[in-house]
1. Go through (1) buried (at least 24 other Cβ atoms within 10 Å of the Cβ); (2) without any contact (Cβ under 8 Å) to a residue 40 or more places away in the chain for residue B:205 and report which single condition fails.
2. Do we have residue B:208 as within 14 Å of chain A (Cβ to nearest Cβ) and assigned to a helix (DSSP H, G or I) here?
3. Starting from residues that are within 20 Å of residue A:55 (Cβ to Cβ) and assigned to a loop (DSSP other than H, G, I, E, B), keep the ones in the range B:184-204 and report whichever is farthest from the other protein chains (Cβ to nearest Cβ).
4. Say we look at the range B:154-183 and pick out the residues that are crowded, with 24+ Cβ neighbours inside 10 Å and more than 14 Å from chain A (Cβ to nearest Cβ); which of these is nearest to residue A:26 (Cα to Cα)?
5. Residue B:56: within 14 Å of another protein chain (Cβ to nearest Cβ), within 20 Å of the chain's Cα centre (by Cα), farther than 23 Å from residue B:210 by Cβ and surrounded by 12 or more Cβ atoms within 10 Å (Cβ to Cβ), yes or no?
6. Conditions: (1) surrounded by fewer than 14 Cβ atoms within 10 Å (Cβ to Cβ); (2) within 14 Å of another protein chain (Cβ to nearest Cβ); (3) modelled with pLDDT of 80 or more; (4) farther than 24 Å from residue B:211 by Cβ. Residue A:10 meets all but one. Number of the miss?
7. Quick check, is residue B:119 more than 14 Å from chain A (Cβ to nearest Cβ) and either in contact (Cβ under 8 Å) with a residue 40 or more places away in the chain or over 23 Å from the mean Cα position of the chain (by Cα) (or both)?
């Protein structure tokens with residue numbers, strides 16, 4: 001009986017350790033604890049070029065993550081990228097004249113959407129569109145422009 | 001003359017016949033393995049009424065493997081930390097060390113190495129145990145007493161392996177991340193916050209952790225099934241049991257690695 005009991009205790013400890021490890025992986029290693037609740041509200045923004053923004057890319061304001069990109073698709077009429085974002089429900093006072101930029105974290109890092117709040121007293125609501133946007137900076141384009149400009153200068 | 005021609009034709013057909021014989025034998029083995037799996041699964045209801053049997057097997061496969069899995073995980077994590085640091089520091093990206101260590105552990109090394117370790121430590125023991133039970137006619141003895149040996153002996157072992165494998169893999173990955181943390185942050189001076197911060201930003205729960213658990217569940221089924229089948233199918237001699245044990249380890253290792261490729265292609269190969 002005593003042996004059976006000690007086996008039970010050990011198996012219990014083993015299973016508990018396994019679940020603790022899973023919990024550790026979920027909370028500490030993966031982004032589960034940092035997930036935005038799915039009940040946030042949606043905003044859209046149009047960009048002439050969305051760069052490499054993909055679903056789940058972070059949306060941040062003043063460097064703090066306030067939401068995630070939910071969907072990126074092409075508007076067939078205007079040939080613009082329509083980016084749908086889910087914003088955390090606690091951040092419910094984003095001014096109407098907020099500016100949406102596509103930034104890159106570091107030189108080679110992933111791209112994210114940065115929101116720069118405006119001064120309006122009217123706030124964006126579910127389904128609204130951010131009208132003022134700036135597209136992603138494409139490194140190749142910039143280098144091309146730079147070379148072009150240099151060549152122009154050299155010609156003078 | 002006719003005899004000679006016949007001998008020639010036979011000589012030509014002989015390799016073909018051998019190939020066919022081998023193929024038929026392999027197919028028959030596969031069939032027996034699936035019938036055994038059906039028998040094992042059919043016994044799962046009986047097993048639920050006797051949780052003690054399952055408990056003992058979780059102890060055998062799971063608890064007794066904790067030490068080897070934990071120690072291996074720690075060392076694998078530490079090696080990943082060292083190697084990853086070397087490569088990443090050349091690109092000025094050593095802050096991503098946490099991502100690299102955690103992604104490789106959770107997606108690949110955790111499930112796969114755990115499955116290989118369990119196949120070696122617990123799978124071989126299962127095969128030897130069942131093979132010896134067969135060789136010493138204990139299984140026949142059970143049948144004489146109208147106890148189905150598959151339900152009584154094999155089913156609890158199967159589910160013991162199935163339950164233990166994901167838990168052991170999670171343990172491996174978690175201990176491995178701590179090992180990588182120990183080397184990366186403790187010895188090599190990677191920033192503490194960046195190590196975990198980047199890791200949390202890049203490792204997705206559904207995509208990475210859950211897929212890793214699914215992998216280890218599949219490996220648990222495969223490794224235990226192969227071990228049980230080889231034991232149950234062993235020739236009832238001491239030599240047969242030793243061969244079956246070798247086969248169990250080799251086949252499980254190959255099956256785990258091959259299935260891992262397929263699963264990885266399905267899960268991550270977009």
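The values are calculated or read from the model by the stated rules, or taken from the named source; none is laboratory data. In this text, all values refer to a predicted model and were calculated from it rather than measured experimentally. All Cβ positions, glycine included, derive from the backbone under ideal geometry; neighbour counts span all protein chains shown.
1. (1)
2. Spelling it out, residue B:208 is indeed within 14 Å of chain A (Cβ to nearest Cβ) and assigned to a helix (DSSP H, G or I).
3. Restricting to residues being within 20 Å of residue A:55 (Cβ to Cβ) and assigned to a loop (DSSP other than H, G, I, E, B), the top hit is B:204.
4. B:158
5. Spelling it out, residue B:56 is indeed within 14 Å of another protein chain (Cβ to nearest Cβ), within 20 Å of the chain's Cα centre (by Cα), farther than 23 Å from residue B:210 by Cβ and surrounded by 12 or more Cβ atoms within 10 Å (Cβ to Cβ).
6. With (1) surrounded by fewer than 14 Cβ atoms within 10 Å (Cβ to Cβ); (2) within 14 Å of another protein chain (Cβ to nearest Cβ); (3) modelled with pLDDT of 80 or more; (4) farther than 24 Å from residue B:211 by Cβ applied to residue A:10, the lone miss is (1).
7. yes
Okay, residues lined up against (1) exposed (fewer than 13 other Cβ atoms within 10 Å of the Cβ); (2) modelled with pLDDT of 85 or more:
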| site | (1), (2) |
| --- | --- |
| A:55 | yes, no |
| A:60 | no, yes |
| A:80 | no, yes |
| A:95 | no, yes |
| A:104 | no, no |
| A:113 | no, yes |
| A:126 | yes, yes |
| A:137 | no, no |
